[in-house]
Structure formats: structure tokens, C-alpha cells
1. Quick check: anything in region A:127-136 away from every other protein chain (no Cβ under 12 Å) and in a loop (DSSP other than H, G, I, E, B)?
2. If A:Arg123 passes every condition in (1) within 12 Å of chain B (Cβ to nearest Cβ); (2) within 15 Å of the chain's Cα centre (by Cα) but one, which one does it miss?
3. Please work out if A:Ala116 is at pLDDT below 95 and assigned by TED's automatic domain parsing to the domain that holds A:Asp198.
4. Do the conditions hold for A:Tyr118, that is, is it open to solvent by 20 Å² or more (accessible area, probe 1.4 Å) and either part of a strand (DSSP E or B) or not acidic (Asp, Glu) (or both)?
5. For region A:158-175, give me each residue that is open to solvent by 40 Å² or more (accessible area, probe 1.4 Å) and under 21 Å from the mean Cα position of the chain (by Cα).
6. Within region B:184-205, count every residue that is part of a helix (DSSP H, G or I) and either open to solvent by less than 20 Å² (accessible area, probe 1.4 Å) or more than 9 Å from chain A (Cβ to nearest Cβ) (or both).
7. Please identify the pairs in which a residue from region B:157-180 that is at negative phi and within 13 Å of chain A (Cβ to nearest Cβ) has its Cβ atom under 7 Å from the Cβ atom of a residue that is open to solvent by 20 Å² or more (accessible area, probe 1.4 Å) and of a type in the set (S, T, N, Q), counting only partners at least 6 apart or on another chain.
8. From (1) touching a Leu at 6+ places or on another chain (Cβ under 9 Å); (2) open to solvent by 30 Å² or more (accessible area, probe 1.4 Å); (3) within 16 Å of DNA strand C (Cβ to nearest atom), pick out the condition that doesn't hold for B:Phe72.
2 protein chains.
Amino acid sequence: MRSEIDPSGQSGKGESAKATPDSERSLIEKVRRAQIIEAAIDVIAARGFAKASMAQIAERAGVSKGVISYHFAGKGELIERTVEQVYEGLGAFVASRLAGQTGTAAWLRVYVGSVAEYMSGHRTQLAALGEIFTHFRTDDGDLRYGIASSERIYTHVEEVFREGQQRGELRAFDTRVMAVSLQAGIDDMFAYWVTHPDHDLTAHARELTDLFWHATRADSRGKS
Amino acid sequence: MRSEIDPSGQSGKGESAKATPDSERSLIEKVRRAQIIEAAIDVIAARGFAKASMAQIAERAGVSKGVISYHFAGKGELIERTVEQVYEGLGAFVASRLAGQTGTAAWLRVYVGSVAEYMSGHRTQLAALGEIFTHFRTDDGDLRYGIASSERIYTHVEEVFREGQQRGELRAFDTRVMAVSLQAGIDDMFAYWVTHPDHDLTAHARELTDLFWHATRADSRGKS
DNA sequence: TCAATTTCTGACCGCATGGCCAGAAATTTA
DNA sequence: TAAATTTCTGGCCATGCGGTCAGAAATTGA
């Protein structure tokens, strides 16, 4: 068992091919893949995506270069599995915090707060993810995880906002712009934190929540 | 006359060396430099920073590769001059619109609006700038135009916010977080527009202004 | 006009990259 | 134990990169 991408089929632009279930992997396979992914995260976070070569990652993992090719179809698959792994952890954490929350204000607070809380304990992963999102391209030359791939998040956040508007909890505004701006605020909160390690991420998240609470809530006053 | 970076001196991390004044350049020199910078913008915007090689840029400009080396000290200088040129145009435009404005609300509206207005007519430049900011690194491996280089903008925006707070026009909030978030909203507005050409940039800018007006203005109501 | 100077070309260099593979080593299976 | 299979190594390859250079071409100036 080597990779989970069919080398013959044209994977094209859509989702990746079906993953090989972990149960079909040997122990060594699982250990090596985890080890290599961890090394990739470290190297990408430390030296940037462009300088994170197979050789660098292999050296960091303490194996020879060929091992990566043996366990992954190529650099592309390695990166995609890396993103998946980080996202799974984050997604599960946020979803569990978000479950059972009602009201847009509470949703906003828990959403921003839980993302920040999780990431504060996974700083290296966060830095690597940022590098991958802005640098990793498909063979066509398009960003693999560009703004277009945020569409799912935007759509979901928009739904939350629209519900709030219908209940009269929120003022009238363009939900798409608000969703894009919220995501931008979160992304740059992390980017700022990565380059300013002493920055108080929790406080920033609280301020950001306040910011969007004031920006979205219904208000009797008119505008200037 | 070749480049404006002293090949012997260690340029280090600071600002680039003094520029050679245009008056000391021959006509051919000026024309070629402009032509090459334009080609660089086109190629970077179209194919991404990583694939914008000297060969690609030279081909686009219709000259041989050596010409770039002849007129610029290296790829680094070419990129820095490109950024300078785009920024000069934007800076001059925004500054002229901002001159004489009083009050934070007006400042916010004019700031966001004028940046968007200028960029709407310089789409390719905008795309190239985005690529450069996220990819171009110094020899040390740091991003040449990373978040750290936004410090000047943050500081200035913070000042505007603090004035508004002192006049009682704005509520109490962390000015640093607000400045970072505003810049994030503007940056992602452009990023969204670059990938969604039909998106209404002017309307987005208006909504973004509203967003931050609601987020910052003083308010008698308490919070939830 | 003709030498001095600027500008340009295209081949070439050293280097790093992702991927490949023959064969060695380790492990599993019978 | 011995064969079959999985896992690993280290060198090799083609490719593309930024940069250099000798010499050709064009321009300038006396």
C-alpha cells in the first residue's frame, strides 16, 4: 500500500480520490505517514513553503528522501494530507464548542473564541497552514486552497447572519461582505499572532468578537 | 548606468540604497525599466510569483534575459522597484482624497473608498502586489513585505482611531485590533475581487465602511 | 567618418528541485 | 529456516532557476 491517489486517473480539479481507510494500513505505514506529516509541518512553518523541499522534510523526519515517495504519491498528496489532518482537529474542536449554541451573539463569540483557543495550542500547525494556503498550487497554476475554497465557510456564515437578521437580532447588511470580512479578521488575527508571539491571542479574539457584535447588531439609531 | 543597488555593500535588512534619480538615466534606460516592470506585473499577476521567472518576464517584455540583469541588479531589485511604482500611484491618489477630511467617519469612508476606487482601475497591479506580498522573501528567508511591514499603516490608523475616541466620536476599543482588522477587511476585499471579477468592488467598499462605522462609533447601549 | 560607449543577445554555469529506481535491509508469512 | 513481501537507501535524472559573460549590434560624440 503506497498512496491514496490513483496515479493513472486524472484527478482534475475536484475533491481528492477516496482515501484508503486507516484499517487497511500497516502499523509502519501509519507511523511513517504521521512522522512525515509532522516533519512537513515543522519545516513549512519554520522555513516557508517554497523552501520546504522533499529533502528538507526527509532530513527533519530522519528518513531518506525515497521514503516520502514510497508513502505518498508525491509532494502534492503529502501537503493535502497535512491540511486534512490539521483541519480535522480544528473542525472537531470548533464543532463541539458550537453545538447547542443559540443566538447569533453567542454563536459569534463561541466561533471566534474556539478557533482562537484551539490554534493557540497549535501554533506551528497554524503557521504551516498559512504558508500552504497562500503558496500551494495545483498543476494548472491555481491556488489549491485559495479564496474560492472558502466558499463553504462563507455560505455557512452567511446563513447564520441571515437567521439573525430575520429574527431581528441583526441589522440589515450584505451578508457576503460581512462573512468575508469576519473571515479576514480571523485570518489576520492569526497572521499577526504568528509574527508577534507575545501578542495576546485570547484578548484579540475577544476584541474581534466585540467588533463584529457592534457591526452586526440591530440598532435604533440611524447612520451619520 | 546599470542598477541602483551597490553590489559591494551589504544592503542588509533596512531600506534599499539611495535611488538613482531619473535625471541621471538615459532615455533608453527609463523606457526599458518601465517596460520590464510592466512585463513583471503582467506575468506575476497571470502566473503567480513562483512561476514569474526572469525568462518569463523577459519573453513577455520582448527582450532577452540578459537585458533585465543589465538594467536591474537582480530579481530582487526588479520586484522592489515594481512595488514602489504601484505604491506611489496608490499613495498619491489616496493622500489627495484624504487631504482636508475631518472626523473619523469621513476619514473611514474616504480611506476605504479611495483605495477601492484606485484599485478598481488597476486590477493587474493589485493582483501582482498581492502575489509579491505573500511570496517575496529576503535572503534571510523572511517575507520582504510581511505583516511586520504594515506597522506604519497600523500606527497611523491607530492614531486616527484614538483621536476619534478622545473626541467621544468613537467607543472604547483596542485600537491595534481594530486597525489590524480594518486592514484585513480591505486586503481580503481585494483578494475576493481578484478571484470574483464580477464582484461589485464599490458596493463592497461601501458595506465595509458601514461595517467599521457601526463597529467603532460611540453608543449609549450596553453590550449583551 | 570612425572610434568610444552603451545596449543587447544567446549560450552557458552552478545549483536546487521533485521524482525515479535498482538493489539492500527488514519484516512477515509459510 | 527460507521464501515472499514490505520498507528503505542513496544515487541518478531531467528540469528550471538566477545570474554571468564574450562578443555582436546599436548609438553617441568628436
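1. No, there is no match, as no residue in region A:127-136 is away from every other protein chain (no Cβ under 12 Å) and in a loop (DSSP other than H, G, I, E, B).
2. (1)
3. On the way: at pLDDT below 95: no; assigned by TED's automatic domain parsing to the domain that holds A:Asp198: yes.
When the stated conditions are applied, A:Ala116 does not pass them.
4. Numbers: open to solvent by 20 Å² or more (accessible area, probe 1.4 Å): yes; either part of a strand (DSSP E or B) or not acidic (Asp, Glu) (or both): yes.
Considered against the rule, which asks whether it is open to solvent by 20 Å² or more (accessible area, probe 1.4 Å) and either part of a strand (DSSP E or B) or not acidic (Asp, Glu) (or both), A:Tyr118 comes out as yes.
5. First pass over region A:158-175, keeping only residues open to solvent by 40 Å² or more (accessible area, probe 1.4 Å): A:159, A:162-163, A:165-169, A:172, A:174.
Within region A:158-175, just A:Glu159 meets the criteria.
6. Initial filter on region B:184-205 (part of a helix (DSSP H, G or I)): B:184-195, B:201-205.
Checking which are either open to solvent by less than 20 Å² (accessible area, probe 1.4 Å) or more than 9 Å from chain A (Cβ to nearest Cβ) (or both) leaves us with B:184-186, B:189-190, B:192-193, B:201-202, B:204-205.
Qualifying residue count for the region: 11.
7. Pairs found: B:Ala172/B:Gln165.
8. (2)
The values are calculated or read from the model by the stated rules, or taken from the named source; none is laboratory data. These numbers come from a predicted model, not from an experiment. As a convention, Cβ positions derive from the backbone with ideal geometry for all residues, glycine included, and neighbour counts pool all protein chains shown. With ligands, DNA and RNA removed, areas are computed over all heavy atoms of the protein, side chains included. Shrake-Rupley method; radii C 1.70, N 1.55, O 1.52, S 1.80 Å.
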